[in-house]
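Engineer: Take a look at the following structure, please.
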Amino acid sequence: MEAREQNPGTDHIEVLRKWILAVLVLGLLGTVVELVLLEHYEQGLQLVPLVLIALAMAGLVWHLMRGDAASLNTLMVVMILFVLASIVGVVAHFHGSAEFQLDLDPSIGTWELIEKVTHAKAPPLLAPGMMMQLGLLGLAYVFSDIRYRARALTMFGRGSKGVKA
């Protein structure tokens, strides 16, 4: 018996998964286009989001072709790297902007420096947050897979009624 016959909510979850995937792919494509147009590849650290997006796209193609646990686990790892890269990116943007502000005015106070950095247009402090959003969206896609749902239901004591691994 199919899982959808046992649990009608599964159909809704699969529709949501397709929407999550579509939004994820659009976000990845839009972000890579923006990064390339901004020439976000002048320094080694700036290549990180481009490389991660390429890995995510390759992982998504692999997952769509095979749909196996290995491709899903690979996607999970890449999406966790997105989240980590976002945090590193915010720190790198803060550091770069702070260096620039200190070059302009070496006598600037700490709070004034923080204020100027948080309001700076280049580099935009929270721009790496897009990587966080994409990573979390990708993790939502991964963890909404029936294999992870069944494991989560078992872990939280709800049994595996209506959900096949």
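The values are calculated or read from the model by the stated rules, or taken from the named source; none is laboratory data. In this text the structure is predicted, and so the values were computed from the model without any measurement. Virtual Cβ from ideal backbone geometry, glycine too; neighbours counted across all protein chains shown.
Engineer: For the stretch 106-126, state whether one or more residues are modelled with pLDDT under 95, basic (Lys, Arg) and under 26 Å from residue 31 (Cβ atoms).
Structural biologist: The answer is yes, given that some residue of the stretch 106-126 is modelled with pLDDT under 95, basic (Lys, Arg) and under 26 Å from residue 31 (Cβ atoms).
Engineer: Among the residues of the stretch 52-68, write down those that are in a helix (DSSP H, G or I) and either loosely packed, with under 12 Cβ neighbours inside 10 Å or touching a Cys at 6+ places or on another chain (Cβ under 8 Å) (or both). If you could, list the steps in order and put the result at the bottom.
Structural biologist: Step one: of the stretch 52-68, the residues in a helix (DSSP H, G or I) are 52-66.
Result: 61, 64, 65, 66.
Engineer: Residues to consider are 71, 97; find the one that is assigned to a helix (DSSP H, G or I) and in contact with a Pro (Cβ under 7 Å, 6 or more places away or on another chain). If you could, list the steps in order and put the result at the bottom.
Structural biologist: Numbers: 71 fails: in contact with a Pro (Cβ under 7 Å, 6 or more places away or on another chain).
Sole residue among the options that is assigned to a helix (DSSP H, G or I) and in contact with a Pro (Cβ under 7 Å, 6 or more places away or on another chain): 97.
Engineer: Right, next: In the list 108, 80, 87, which residue meets the criterion of being assigned to a loop (DSSP other than H, G, I, E, B) and among the β-branched types (Val, Ile, Thr)? Show your work before the answer.
Structural biologist: Details: 80 fails: assigned to a loop (DSSP other than H, G, I, E, B); 87 fails: assigned to a loop (DSSP other than H, G, I, E, B).
Every option except 108 fails the conditions.
Engineer: Note down all Cβ pairs under 6 Å where the first residue falls in the stretch 84-95 and is surrounded by 13 or more Cβ atoms within 10 Å (Cβ to Cβ), the second is in a helix (DSSP H, G or I) and of a type in the set (Val, Ile, Thr), and they're at least six residues apart or on different chains.
Structural biologist: Listed by first residue and then by second, the contacts come to 85/48; 94/117.
Engineer: Right, next: Conditions: (1) among the hydrophobic types (A, V, I, L, M, F, W, C); (2) free of Cβ contacts under 8 Å to residues at least 60 places away in the same chain; (3) touching a helix residue (DSSP H, G or I) at 6+ places or on another chain (Cβ under 9 Å). Residue 23 meets all but one. Number of the miss?
Structural biologist: Every condition holds for residue 23 apart from (2).
Engineer: Which one of 53, 80 is within 13 Å of the chain's Cα centre (by Cα), over 20 Å from residue 144 (Cα atoms) and at pLDDT 95 or above? Before you say what the answer is, go through the steps one by one.
Structural biologist: Details: 80 fails: over 20 Å from residue 144 (Cα atoms).
Matching residue, one of 53, 80: 53.
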